[in-house]
Each structure stands twice: as structure tokens, then as C-alpha cells.
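Input: a single structure, listed below in C-alpha cells.
The values are calculated or read from the model by the stated rules, or taken from the named source; none is laboratory data. This structure is a prediction, so every number in the text was calculated from the model and none was measured. Here Cβ is always computed from backbone atoms with ideal geometry, including for glycine, and neighbour counts include all displayed protein chains.
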């Protein structure tokens, strides 16, 4: 198996991407291709001891930044680490691509370079959302700010296959995130989506409220990309704020400081449960190829976990499963 | 000043509503009218010592429940505590109404009984969102699942007047909650809303991401009612889950138990910051009358705080200010 990592993508590239590549080689015995600036990548690789033939470098002269406009960046920067990485998958020279780069550009690249699976109108991001019960899939996590009702049906199909094959959830339940439980609740798109999902080829449990997201009410939570993005970012911001405020409260006097010391490991365990790096990245489901979007601020561990996700994706034939389900 | 409380509205009615009425009389020296089942209300009132002439009861034979369909409930249950309360404001026999009852019915009642302020296409719920910096106004908190771009402009106008007059924020900043900071980000409605808000009669700061909501990035956060409802409920659910998980971590061994004991007051202080009952209810802005929606699970303290909100609303002429701003 061969995974290509966009070595120049993300806030901590190429330190994190190269470090993640080495960790992945060691943990999963996989082959890695790194696309990007060869001298910079080599300089990082020198820091590590690893099986040399497991990591290949493909040099690129360009780089897509967060300031680039997605579609034009993909069209114009043909010699960028991101476009090269996608082309390697397209040409079947690699089995999956991992990138922590510009999200918009990566999604545009997925569509323009890899193309959509037949029957899928809108590919979508499917991040794993950590819950009290374990983990759920949120789809769409931000690829499509405007959705049609039929997109929800596609999200349900793709999300449930992913939850089953990659997260190992048997017969995953699917819910629409809505502002009430009843069928007639919500905006016009969501109401029509409900009617379509009732006959969808998955275990549709109806609507759920945002209050029940952290509790793990459904294994697959479907929504438009605007709502999904708000959910992910609010979760991040709120967890940060609560831990920050906890810290403030915990140093207000000596008793509390002592208490906080005794609880340090407990807080650490809890923070870990909300740590996105544990879950790797979010696959872009619905494109013809395995494409994992890692968080922009990924460290080496997060990149390694994104590679693991790609491997699981391939081993469990998620793409074939989606294609098969759509042709029924 | 006279505030009418829908005594039968909410999960804890009439215990909480009557208790809140008595507390409000004592704290704010206001006059209260309670609409609802007179024998039940009287039985609750007997528990308290208060100035009798400050609380009046208007008996009603009906009650609107959470199972009722909003519009038909308002149309058919003319002798319900909610409709009666709204009519008292309409007839200028009371200055404001507080209800913890069926949200949909209350919003429908606001529109059907009180009517819209001229120039307002869609009245909206404007709850206070507790932040690290203090408090912001979120509008729309759930009244309008589908919005047009011009509604965002109205939300900005009403929200900034409310933030200024009731929360006492000088020159409040207004942001659109979006999936990116740049002007061209978001769904179609939000993009057009941005263009309209740029020339709005308020301090428009552009877009903000959901990640920055808990930090208090803007004083007034505008969004459609679907997004607003998701934000409020996710915040509630996530805070609950984190505190629950903290508790679990904190009893895992004796050291942690001791630590938790030392931190008890700190955790209590923090929980209080996320406690909606501290902020009372959410006004329904844009209707011709002062209408405060209290949380369905309000206790007496929350009802009292909702009354305080109504009083501030009246004292600061929020309605006249909104009407004035719209006729410019």
C-alpha cells in the first residue's frame, strides 16, 4: 500500500508532515510518498532513523497556501504539492492522499482531479465527532454550504458505509440534525430531506437536536455543510473556553490549586477525549479516490492518524461499497 | 409598571411561575398579573408572604401545551393563559408578557395577537449568550428556520438596540456567524446578507466563525433561526457533557476525589457562568409589544430574571427605538 502525503500542506509543514510520515512507516509498515520541496523534506528526514526505501520524495516547485483561491489554485498551480499528490492517486501510483492544506483547494482538487463517484451530486467531508459514547460521523462537515434535499440522502448512504467499515459500528443509525424531533420541524430543505431519508438504504432514526450531539445520539449525523462547520467550530471553541475557565477557577486560591494538582491526570484524560488529533482527519467522501483532509494545525501524530484512516479506508473497500450501494 | 406572567407555561408551572412572580414583586416592586387556573395559582400563592395588591389573577379555563400545534392553538384556545396574557399587552392593560410555554405557540401568538412592527419582515428571538467576556446577543435564536438576506439586516438593527439599551453595551459590534471570515464565504443567503449589512445602521464587523462565539468576539451575533437554535442547543449539550465527564474523571480514585472536593466551589462558579437562568429569557424582537420567552425548564429565579428583563426593556424604550430606527 502506498499513501501520498502533501508535505507542504498545513500550519506545521513540513515538520509535522515529514514526522507523521516517519511515524506512519514505523507504525503501519506502509509506503509513503511525500510531495513538495525536496531539500526541505530531506532536511527533516535527516532527523529520523527509518527504512529509507519506505519513503519516496516527489519534488514540486509550487505550493498552495491558505490565501489562494481554491479553484484557480488547483487549475494554475499544476506543480504544487497538493495537485501532484492528487494526480498520483488519479494515476493509481498511490492508494490515498493525506493533506492538511487549504481545505477549499483540497475539495476543489478532489472534484477537479479525482472526479465524483457516479450517482453522487455532492461529495462531502465526514469528520469523526468525539462523543460521550465514543465517536460519531458528522457529514457534511463543511464542503457544501448550500445543500439540496437529495444531498442529505447521499450523505446518509456514504456516512453509514464509512461508520460501518472504518469505525466498525454495526448497523449505524443515521439522524438529521434539526431544530426539533418531529418530522415537520426545520427549514424547507431539511423537511424534504426527511421525506427522502425515510426510504434511504440505511437505518434512519429521524431527526435529532444539537443538544444530543455530544451524547452520541446517532452514529451518523447528517446536515448541510454550513451547519456542520458551525457545529465543529463551536465545539472546538467551547471546549477551549471551558478548559480555560476551569484553569482560571482552579488557581484562585491555595485549596483549589492543591485540588487541581490532584486532578491533573483526570483533566488530561478528559482533554484527550476532545482532541481531534486522536481521530486523524476527515475523509472527503464521494470522490473517485481516497482523500483524507487533516486539520490545518495537525502535528505529526495527527498526520500519522490520518494515514491510518486512509489505510482502513482502503482495506475495507469503502469506495467500492459506496459505488455499489449507489448502483442498486 | 405591570408585567403579565403566563402562569401555566413551562415544565414547572405553576410552581415556578407563581414563585417567580412573588420574587419579582419583592425585588423590583413591580405589579404582576398571573393568567391561568385561579385555584391552582391561589394554592401556590398561599405559600408566600407578599403585598397582596401587587399580584392580580386573571382566571382562564384553557392551557396551551407543548403538544399543541402553534397557530391553531393560538386561534382556537382563546381562553388559554398564553392568549389572555398576550391580549392584556395588546389592550395596554399590561406592559410586558413573560411566558415559559410552548415556544412555537408563543411566537405565533406574538405575530397574530400583537402583530409586527412596521418595517420588520420577521420578528426574531434574541437570547443572551454567556461568553468569556460577559454576554452577547444571539439573533435569531430559533424563530425563523428559513431567512432571507434582508432579515439579517433587521436582526442587526434590533439586536444592536437591544444590546445597547438592555445589556448596556455602548456601540455594540455586530457580526454574521459564518463558516469563514472572508466576505465571499458562506451560503447564498449569508453572502447577500453581508452585502446588505455593510451599509446597515449599526457597527458591522463582518463575519465571525462559530469557534469565536464563546470568547465573545461580537456583541451581537446574527444568523438564521436554524443556525441559532443549533448553536444554543449544542452549547447546552456540550457544557452538560463536559461537566458530566469531569465528574466521572473526578471520582476515579481517592486522590482525584480529594481534589474534586477542594475544587467544588470552583466548579460551581464555572457552572453558574453557563447557567441560562441567570440571564432570564429571550425577547421576541420585532413584535408590537414586549414579549419575553423564558426557558421551558425555568425555575422561579429564571422567571424573576425574565421579569427583570421585561422591566429593563420597557424602561429603556426598546420598542420605540426599534420603530424609530426603521422609519429613518
Reported set for region A:163-195 where residues are within 13 Å of chain B (Cβ to nearest Cβ), closer than 23 Å to residue A:233 by Cα and part of a helix (DSSP H, G or I) is A:189, A:190
Subset of region B:240-259, residues within 7 Å of another protein chain (Cβ to nearest Cβ), touching a helix residue (DSSP H, G or I) at 6+ places or on another chain (Cβ under 9 Å), assigned to a helix (DSSP H, G or I) and closer than 23 Å to residue A:133 by Cα, comes to B:242, B:245, B:246, B:249, B:250, B:256
| query | Is it fair to say residue A:267 is at the interface with chain B (Cβ under 9 Å from one of its Cβ atoms), buried (at least 23 other Cβ atoms within 10 Å of the Cβ), in a helix (DSSP H, G or I) and out of contact with any strand residue (DSSP E or B) (no Cβ under 8 Å at 6 or more places or on another chain)? | reply | no
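Within region B:144-162, can you find the residues that are part of a loop (DSSP other than H, G, I, E, B) and under 15 Å from residue B:193 (Cβ atoms)? If you could, list the steps in order and put the result at the bottom.
As a first pass, look at region B:144-162 and keep what is part of a loop (DSSP other than H, G, I, E, B): B:144-148.
The answer is B:144, B:146, B:147, B:148.
Considering B:87, B:46, which residue is over 18 Å from residue B:296 (Cα atoms), in contact with a helix residue (DSSP H, G or I) (Cβ under 9 Å, 6 or more places away or on another chain) and surrounded by fewer than 20 Cβ atoms within 10 Å (Cβ to Cβ)?
Values: B:46 fails: in contact with a helix residue (DSSP H, G or I) (Cβ under 9 Å, 6 or more places away or on another chain).
B:87 is the lone residue from the list that is over 18 Å from residue B:296 (Cα atoms), in contact with a helix residue (DSSP H, G or I) (Cβ under 9 Å, 6 or more places away or on another chain) and surrounded by fewer than 20 Cβ atoms within 10 Å (Cβ to Cβ).
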Taking region A:116-143 and the residues there that are part of a loop (DSSP other than H, G, I, E, B), within 13 Å of chain B (Cβ to nearest Cβ) and touching a strand residue (DSSP E or B) at 6+ places or on another chain (Cβ under 6 Å), the one that is surrounded by the most Cβ atoms within 10 Å (Cβ to Cβ) would be A:140
Given (1) buried (at least 20 other Cβ atoms within 10 Å of the Cβ); (2) at the interface with another protein chain (Cβ under 7 Å from one of its Cβ atoms), residue A:304 misses just (2)
Going through (1) part of a loop (DSSP other than H, G, I, E, B); (2) modelled with pLDDT under 95; (3) surrounded by 24 or more Cβ atoms within 10 Å (Cβ to Cβ) one by one, residue B:218 fails only at (2)
Exception for residue A:219 within (1) touching a residue at least 40 places away in the same chain (Cβ under 8 Å); (2) within 7 Å of chain B (Cβ to nearest Cβ); (3) in contact with a strand residue (DSSP E or B) (Cβ under 6 Å, 6 or more places away or on another chain) falls at (2)
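Can you tell me which residue among A:288, A:247, A:325 is over 16 Å from the mean Cα position of the chain (by Cα) and free of Cβ contacts under 8 Å to residues at least 40 places away in the same chain? Please lay out each step first, then the result.
On the way: A:288 fails: free of Cβ contacts under 8 Å to residues at least 40 places away in the same chain; A:325 fails: free of Cβ contacts under 8 Å to residues at least 40 places away in the same chain.
Result of the check over A:288, A:247, A:325: A:247.
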Filtering region A:146-175 down to residues that are in contact with a strand residue (DSSP E or B) (Cβ under 8 Å, 6 or more places away or on another chain) and surrounded by 24 or more Cβ atoms within 10 Å (Cβ to Cβ) yields A:151, A:152, A:154, A:155, A:156, A:158, A:159, A:160, A:162, A:163, A:174, A:175
Taking residue B:231 as the residue in question, decide whether it is touching a residue at least 24 places away in the same chain (Cβ under 8 Å), within 14 Å of chain A (Cβ to nearest Cβ), in a helix (DSSP H, G or I) and surrounded by 24 or more Cβ atoms within 10 Å (Cβ to Cβ).
yes
Considering only helices (runs of 4 or more DSSP H) wholly within region B:1-90, the ones with at least 2 residues that are touching a residue at least 40 places away in the same chain (Cβ under 8 Å) and within 27 Å of residue B:112 (Cα to Cα) are B:15-28, B:81-90
Q. Taking the stated definitions as given, is residue A:8 crowded, with 21+ Cβ neighbours inside 10 Å and in contact with a strand residue (DSSP E or B) (Cβ under 9 Å, 6 or more places away or on another chain)?
A. yes
